[in-house]
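> Could you have a look at this structure, given as structure tokens, before my questions?
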Amino acid sequence: MKLDVKFENEFHSVDLLRYCGGVKLRIDGEEYPVALQANGPGQYRLSLNGRDENLWIVHDGDEVFVHAFGKAWSMKLVDPVDFASGSAEDDGNSIVAPMPGTTVIVSVARGDVVKKGDPLLTMESMKLETVISAWRDGVVDQVNVEVGSAFDRGSVLVSLKEEA
Amino acid sequence: MAKFNKVLIANRGEIAVRVIRSLKKMGIESVAVFHEVDSESPYVQQADHAVQIDGPSPVAAYLDIDGIIAACKSSGADAVHPGFGFLSENAQFCQRLTEAGIVFIGPETEAITAMGDKITSKLLAEKSGVNVIPGYTETLKDADEAVKVSGDIGYPVMLKASAGGGGKGMRIAWNSAEAREGFERASREAASSFGDDRVFVEKYVERPRHIEIQVLADGEGNTIYLGERECSIQRRHQKVIEEAPSPFLDAETRKKMGEQAVALAKAVDYVSAGTVEFIVDPGKHFYFLEMNTRLQVEHPVTEMITGIDLVEKQIRIAEGESLGLTQEDITLTGHAIECRIYAEDADADFVPATGKLLAFSVPEGEGVRLDSGVGQDTEVTTAFDPMLAKLITYGVDRDEALARVQKALRELVMLGVITNTDYLGRILSHPDFASGDTHTGFLDEHVEILKKDATSEQQRVALLAAACLTDQVFMDRRHQAETPLADMGEWRN
């Protein structure tokens with residue numbers, strides 16, 4: 001299971017790795033053994049990098065609020081699978097790759113009229129195939145992918161023409 | 001002497017909680033009034049009785065004199081505590097209550113009216129022997145007169161255009177040569193900017209400290225002062241941090257200011273708690289600003305160093321009791337600091353913040369007091385001003401009070417609504433605050449306080465880990481990509 005976390009206006013990827021000894025997290029490519037213990041309602045003790053921290057953690061929908069290091073922090077959790085399958089983007093006109101991957105099928109071309117839910121492309125990432133569908137009715141503008149090509153996280157995959 | 005059975009609090013939030021606390025201690029029933037948006041607020045839950053009020057807006061409900069009087073009648077309240085803000089300095093409210101046979105816990109109508117007018121209060125202050133900012137309110141004829149009057153006032157002085165505003169047509173002069181030149185330039189600037197070259201002069205108070213005196217008086221004319229509070233840390237003229245005593249005053253100045261404050265209170269036959277505000281320059285010269293005829297937000301710091309419950313005193317005085325204290329009884333012990341906790345984003349130009357308080361935890365420890373209008377699950381909206389709570393600490397000296405408030409700010413947990421606690425911490429840890437070098441321009445001068453500390457990698461990694469490890473979906477084994485060999489031991493890509 002992987003999550004993208006929006007923190008201080010940047011995206012970070014967090015991956016869970018289970019092994020005999022316990023749990024590791026791969027955060028932005030680096031691996032860390034971790035342990036988390038509940039201390040009371042909303043209170044936890046986190047062990048990471050040989051340090052223990054006491055924190056308060058509350059989830060509210062996809063928002064996470066944390067009190068740690070004497071301050072309050074907030075983050076947003078983004079499930080790349082949900083994100084890829086058609087949730088809203090910042091400007092409503094393009095879909096951006098939430099993680100690196102490869103294009104398996106391209107279902108549209110420039111100028112095609114699409115309805116909300118129509119498949120645009122199928123991508124593969126981490127051995128999972130995901131269909132990316134139109135998030136609104138519209139006309140396909142740019143298709144920046146081709147079958148077999150790889151793309152980076154953050155690259156614009158498909159864009160629709162500006163709504164009238 | 002009529003003891004109150006029931007007191008209605010014509011206010012909300014933090015101060016309503018405060019008044020209810022003293023009422024409970026005194027065995028007096030409390031009545032809260034609330035607009036619908038406040039129906040789940042802690043103060044409503046804590047009051048013995050609650051009456052719903054209404055208005056075109058939530059704030060308007062708390063300003064509706066008819067509505068509040070009706071609530072008094074329906075609840076059978078003997079008296080009203082007005083808190084601060086809202087109707088607390090509304091002479092008409094005081095008058096209407098008195099006419100309705102309900103006691104207004106505060107001074108009489110005449111005192112409220114007299115002190116509510118800046119010109120009247122300044123004239124009264126002068127007549128009572130209180131220092132006021134020296135100024136020659138008539139315009140200056142020429143540069144020679146400018147020099148003479150400036151000399152009479154005493155340097156430094158500020159030459160100001162009568163028609164001026166926004167900082168234009170103002171000049172500071174430190175000696176007669178500068179007064180002459182300043183007059184000439186100010187007149188020319190005023191003529192070209194406003195078409196009106198008239199200039200007058202008043203004393204310039206440099207690096208002023210806002211220092212106010214707490215007074216307390218009973219219905220028999222016994223009037224005393226309970227030391228001072230320094231409230232120089234202000235952002236856009238709103239107080240942010242207050243302390244008692246002032247790190248700057250000496251005993252002699254305190255005594256002079258206190259005695260003048262008492263003289264002013266006596267001049268209007270003041271009853272109950274009130275505050276006389278002054279500005280003080282680096283030479284310890286002090287000048288009257290205004291008098292607030294109510295309890296102030298920052299009253300807790302005075303309570304901490306005098307050991308006196310000011311709300312309780314107000315209620316006893318309103319019941320007709322004697323003050324029971326002489327000036328000699330008042331001793332100031334230790335030091336207290338208060339921070340105002342606002343729902344605002346200090347990193348986004350202090351835009352007001354909203355949200356539900358999903359986690360709330362009060363710091364424990366010796367000498368820590370939190371006066372809060374919010375609690376677990378309180379919904380914070382923009383219906384009212386953004387002050388949520390006050391964090392106050394006491395110490396045997398200023399260093400101890402400061403260390404305690406810094407620690408308490410870090411331990412105060414308020415999640416779900418952005419607050420200014422980190423900003424407050426940065427102010428408190430500035431070396432000039434620690435040394436007591438505070439003045440009303442402090443926050444404007446120290447713009448570096450606006451910059452928050454960079455997040456370290458250690459912090460970022462820990463926060464990301466914490467967020468994910470507590471997410472049910474993330475931790476659910478069924479959602480993992482196939483890693484058939486994972487259970488056998490560590491693996492790498």
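> With a cut-off of 8 Å between alpha carbons and a minimum separation of six or more residues, what is the relative contact order of the stretch B:3-106 in percent?
Contact order relative to length: 30 percent.
> How big is the gap, in Å, between the Cα center of the stretch B:191-252 and the Cα center of the stretch B:32-105?
Each part reduced to its Cα centre gives a spacing of 30 Å.
> In a Gaussian network model over chain A where Cα atoms closer than 10 Å are linked, find which of A:LEU48, A:LEU120, A:LEU77 has the largest mean-square fluctuation.
Residue with maximal mean-square fluctuation among A:LEU48, A:LEU120, A:LEU77: A:LEU48.
> Continuing with the same structure: Using only the Cα atoms of the stretch B:155-245, construct the convex hull and provide its projected area averaged over every direction, in square nanometres to one decimal. Don't skip to the answer; put the middle values down first.
Working: hull surface 35.3 nm².
About 8.8 nm², averaged over all directions.
> Can you pull the one-decimal nm distance between simple spin-label points at B:ALA263 and B:SER435, each 7 Å off the Cα toward Cβ?
Label at B:ALA263, label at B:SER435, 3.5 nm between them.
> Let me ask something else about it. Please work out whether the stretch A:109-151 counts as rounded, prolate or oblate from its C-alpha gyration tensor, where a ≥ b ≥ c are the square roots of the eigenvalues and a/c under 1.5 means rounded, while otherwise a/b larger than b/c means prolate and anything else oblate? Spell out each step's value before the answer.
Working: a/c = 3.38, a/b = 1.56, b/c = 2.17.
Note, shape of the stretch A:109-151 comes out oblate.
> Give me the percent of the accessible area of the protein assembly as shown that comes from carbon and sulfur atoms, probe 1.4 Å, all protein chains in place. Each step should come with its number before you reach the end.
Values: 14110 of 29410 Å².
The nonpolar share, carbon plus sulfur, comes to 48 percent.
> Highest first, please rank the peptides B:315-323, B:205-213 by the mean number of other Cβ atoms sitting within 10 Å of their residues. Working shown, then result.
On the way: B:315-323: 18.6, B:205-213: 21.4.
In descending order of packing, they fall as B:205-213, B:315-323.
> A further question follows. How many Å² of accessible area per residue for chain A, probe 1.4 Å?
On the way: 8160 Å² over 164 residues.
Heavy-atom accessible area per residue stands at 50 Å².
> Another question about this same structure. Cross-link partners among aspartates and glutamates for B:LYS3, C-alpha distance below 13 Å, same-chain residues fewer than 8 apart left out?
Of all the aspartates and glutamates, those that pass the test against B:LYS3 - Cα under 13 Å, at least 8 places apart if same chain - are B:GLU29, B:ASP78, B:GLU312, B:GLU319, B:GLU321.
> List the lysines whose Cα lies under 27 Å from the Cα of A:LYS116, skipping any in the same chain that are fewer than 8 positions away.
Cα-Cα hits under 27 Å: A:LYS2, A:LYS6, A:LYS76, A:LYS127, A:LYS161.
> Quick one: among A:GLY70, A:GLY148, A:GLY101, which has the greatest mean-square fluctuation in a GNM of chain A with alpha-carbon springs under 10 angstrom?
A:GLY70
> Excluding residues fewer than 8 places away in the same chain, name every one of the lysines whose C-alpha is closer than 18 Å to that of B:LYS284.
Reachable lysines: B:LYS203, B:LYS255, B:LYS256.
> Which shape class, rounded, prolate or oblate, goes with the stretch B:325-377 when its Cα gyration tensor gives a ≥ b ≥ c as root eigenvalues, a/c under 1.5 marks rounded, and past that a/b bigger than b/c marks prolate? If you can, show how the numbers build up before the last one.
Numbers: a/c = 3.04, a/b = 2.07, b/c = 1.47.
Since a/c reaches 1.5 and a/b is larger than b/c, the shape of the stretch B:325-377 is classed as prolate.
> Per the Kirkwood formula on distinct C-alpha pairs, the Rh of the stretch B:260-320 is how many angstrom? Could the numbers behind the result be given before it?
Values: mean 1/r = 0.0768 Å⁻¹.
Value: 13.0 Å, from the Cα pair sum.
> So, one more: Within 13 Å, Cβ to Cβ, of A:THR103, how many net charges do the neighbouring residues add up to if Lys/Arg are +1 and Asp/Glu are -1?
Numbers: positive: none; negative: A:GLU124, A:GLU129, A:GLU146, A:ASP152.
Residues close to A:THR103 contribute a combined charge of -4.
> Now for a different question. Peptide A:58-65: average number of partner chain Cβ atoms within 10 Å per residue? Write down the numbers at each step before the final one.
On the way: counts 8, 5, 5, 0, 1, 4, 8, 10.
Counting Cβ atoms of other protein chains within 10 Å of each residue's Cβ and averaging gives 5.
> Moving on to the next point. State to the nearest 20 debye the size of the charge dipole of the stretch B:273-338 about its Cα centre, where the only charges are +1 on K and R beta carbons and -1 on D and E beta carbons.
100
> In a GNM of chain A with a 10 Å cut-off on Cα contacts, which of A:SER107, A:SER133, A:SER13 has the highest mean-square fluctuation?
Of A:SER107, A:SER133, A:SER13, the most mobile in the Gaussian network model is A:SER107.
> What's the ranking of B:259-268, B:385-394, B:350-359 by average number of surrounding C-beta atoms within 10 Å, highest first? Each step should come with its number before you reach the end.
Numbers: B:259-268: 21.4, B:385-394: 22.9, B:350-359: 17.0.
The most tightly packed comes first, giving B:385-394, B:259-268, B:350-359.
> What's the angle, to the nearest 10 degrees (0 to 90), between helix B:143-153's Cα axis and the longest principal axis of chain B?
Approximately 70 degrees, to the nearest ten.
> Semi-axes of the equivalent ellipsoid of the stretch B:16-60: what are they in whole Å, largest first, if each equals the square root of 5 times a C-alpha gyration tensor eigenvalue?
Ellipsoid half-lengths, sorted descending, are 22, 9, 8 Å.
> Another question, if that's okay. Over the whole of A:6-13, what's the average partner chain Cβ count within 10 Å per residue? Rounded to a whole number, please. Present the calculation step by step, with values, prior to reporting the outcome.
Values: counts 0, 5, 4, 0, 1, 0, 6, 1.
Mean inter-chain Cβ contacts per residue within 10 Å come to 2.
> Using only the Cα atoms of chain B, build the gyration tensor, take square roots of its eigenvalues as a ≥ b ≥ c, and label the shape rounded, prolate or oblate: rounded if a/c is under 1.5, else prolate if a/b is larger than b/c, else oblate. Walk me through the numbers before you get to the answer.
On the way: a/c = 1.97, a/b = 1.27, b/c = 1.55.
Oblate, since a/c reaches 1.5 and b/c is not below a/b.
> A further question on this structure: Let me know the Rg and Dmax you get for the stretch B:342-434 when you use only its Cα atoms, in Å.
Over the stretch B:342-434's Cα set, Rg and Dmax evaluate to 13.5, 39 Å.
> Would you calculate, for the protein assembly as shown, the mean residue ellipticity at 222 nm contributed by helices, counting each DSSP H stretch of 4 or more residues as -39,500 (n - 2.57) and dividing by all residues, to the nearest 500? List each step's numbers first, then the result.
Working: 19 runs with 178 residues, N = 657.
It comes out at -8000 deg cm²/dmol, rounded to the nearest 500.
> Each label point is 7 Å from the Cα along the Cα-to-Cβ direction; what then is the distance between the points at B:LEU123 and B:THR382, in nm?
4.2
> Ok, one more. Between chains A and B, what is the buried accessible area in Å², counting both sides, with a 1.4 Å probe and ligands, DNA and RNA left out, to the nearest 100? If you can, show how the numbers build up before the last one.
Working: alone 10170 and 23450 Å², together 29410 Å².
The summed interface area works out to 4200 Å².
> Compute the distance from the alpha-carbon center of the stretch B:400-425 to that of the stretch A:5-79, in whole Å.
22
> Now a separate question. Per residue of A:46-57, count partner chain C-beta atoms within 10 Å of its C-beta, then hand back the mean as an integer.
Details: counts 6, 2, 7, 5, 0, 2, 1, 6, 0, 7, 8, 8.
For peptide A:46-57, the averaged partner shielding equals 4.
> Got the relative contact order for chain B handy, in percent, Cα pairs under 8 Å and 6 or more residues apart?
Details: 997 pairs, mean separation 66.0, N = 493.
Worked out over chain B, it gives 13 percent.
The values are calculated or read from the model by the stated rules, or taken from the named source; none is laboratory data. All values derive from a computational prediction rather than experimental measurement. Don't worry about glycine lacking a Cβ; one is built from the backbone with ideal geometry, like all the others, and counts go over all protein chains shown. For the accessible areas, the whole protein counts, side chains as well, though only heavy atoms, and no ligand, DNA or RNA atoms are used. Shrake-Rupley method; radii C 1.70, N 1.55, O 1.52, S 1.80 Å.
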